[in-house]
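The values are calculated or read from the model by the stated rules, or taken from the named source; none is laboratory data. No experiment lies behind these values; they were computed from the predicted model shown. Methodologically, a virtual Cβ is constructed for each residue, glycine included, from the backbone with ideal geometry; neighbour enumeration extends over all protein chains shown. Each accessible area value is taken on the protein alone, full model and side chains, heavy atoms only, with ligands, DNA and RNA left out. Shrake-Rupley method; radii C 1.70, N 1.55, O 1.52, S 1.80 Å.
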Amino acid sequence: MEDTFKHKGLREKLVDGIREKGIKNNAVLSAMSRVPRHLFMDNGFINFAYSDRAFPIGAGQTISQPYTVAFQTDCLQLKRFAKVLEVGTGSGYQAAVLCELGVTLYTIERQRELYEKAQKLLPSLGYHPQFFFGDGYKGLPTYGPFDGIIVTAGATTIPQDLVKQLVVGGRMVIPVGTTQHQVMKVVIRESENEYSVEERGDFLFVPMLPGVAGQNR
Ligand code: SAH
């Protein structure tokens with residue numbers, strides 16, 4: 001499967017639609033116009049790759065809706081060369097968008113099948129984050145602190161272990177709520193011991209689960 005002129009055209013339309021929905025960050029929109037989303041989806045869904053919808057990717061998980069990817073990435077307010085942790089590699093699509101923005105990316109996934117698939121796919125497209133198989137609730141204490149942390153699954157509370165892995169001034173974007181409904185929160189580490197939380201609207205993600213799949217904690 002390649003990236004054709006037709007795919008590029010569909011992608012431009014998708015990005016125009018996301019801009020119309022209110023995302024003004026040109027760096028994010030232009031990164032998304034470069035990532036071939038159809039290559040991150042199972043063959044059966046290729047025709048849907050450029051509609052603004054979430055889709056199944058196996059292991060009961062989903063590739064996030066493009067608007068949501070744009071929204072979360074925009075909330076991070078990233079600078080080039082920022083060090084970023086993504087929780088929930090999933091298909092690898094969000095990771096590719098972050099790599100396009102020139103950040104140093106660490107990404108962690110708890111489903112082995114998805115971890116392995118993304119670890120093959122992303123480098124084949126020229127994206128080279130560091131991949132980890134494990135529990136994102138714990139983060140990566142030995143690799144932090146991070147300028148940004150993006151959680152792409154719905155958490156019930158703000159994980160304190162992750163807040164501690166932000167640099168002072170760093171931001172974590174995380175959907176928090178029930179399995180039916182989450183509010184996007186932007187957590188800013190204000191000082192060694194203080195952080196602030198901003199709320200940015202309603203979303204629906206697959207749940208952030210503890211431990212790694214197939215094993216007890
Ligand atoms: N960023 C992904 C979205 C995938 S959906 C993409 O662009 O496709 C969310 C992912 O988070 C799922 O793959 C799920 O397995 C993973 N996940 C859920 N809880 C997790 C945890 N505690 N640690 C790491 N990954 C987790």
Of all accessible heavy-atom area on the chain, the percent that carbon and sulfur account for (1.4 Å)
51 percent
Run lengths n ≥ 4 of DSSP H only: what is the helix-derived mean residue ellipticity at 222 nm for the chain, with -39500 (n - 2.57) per run over all residues, to the nearest 500?
-8500 deg cm²/dmol
Which whole-number value in Å³ per residue fits the convex hull of the alpha carbons of the chain?
115 Å³
Could you compute the longest span of the chain free of GluC sites (Glu not before Pro) located in DSSP loops and having at most 14 other Cβ atoms within 10 Å, not counting the site residues?
3-189
Restricting to DSSP loop positions (anything but H, G, I, E, B) with no more than 15 other Cβ atoms inside 10 Å of their own Cβ, which chymotrypsin sites (Phe, Trp or Tyr not before Pro) remain in the stretch 7-91?
F81
With every protein chain left in place, what is the accessible area per residue of the chain in square angstrom, probe 1.4 Å?
48 Å²
Just to be sure I understand the model, the point goes 7 Å from the Cα along the line to the Cβ. What's the resulting D16 to K120 distance in nm?
3.6 nm
For L204, solvent-accessible area (1.4 Å; no DNA, RNA or ligand), Å²:
120 Å²
Loop only per DSSP, at most 10 neighbouring Cβ atoms within 10 Å: give me the trypsin sites (Lys or Arg not before Pro) in the stretch 1-47, ordered by residue number.
K24
Leading residue at positive end of dipole, the stretch 52-203 (Cβ point charges), from Q94, F81, S124:
S124
From the backbone phi of the stretch 117-132, what are the Karplus-calculated ³J(HN,Hα) couplings (6.51 cos²θ - 1.76 cosθ + 1.60, θ = phi - 60°) in whole Hz, Gly and Pro given as x?
5, 5, 5, 7, 5, 4, x, 5, 9, x, 9, 10, x, 8, 9, 9
How long are the three semi-axes of the equivalent ellipsoid of the stretch 133-191, in whole Å, if each is the root of 5 times an eigenvalue of the C-alpha gyration tensor, listed from largest down?
19, 14, 8
Of A153, A27, A118, the one that fluctuates the most in a GNM where the chain has Cα springs shorter than 10 Å:
A27
If you build a Gaussian network model of the chain, linking Cα atoms that sit under 10 Å apart, which residue out of G90, G201, G154 swings the most?
G201
Given K79/K185; K6/K79; K79/K164; K8/K83, the pairs whose alpha carbons are separated by over 24 Å
K6/K79; K8/K83
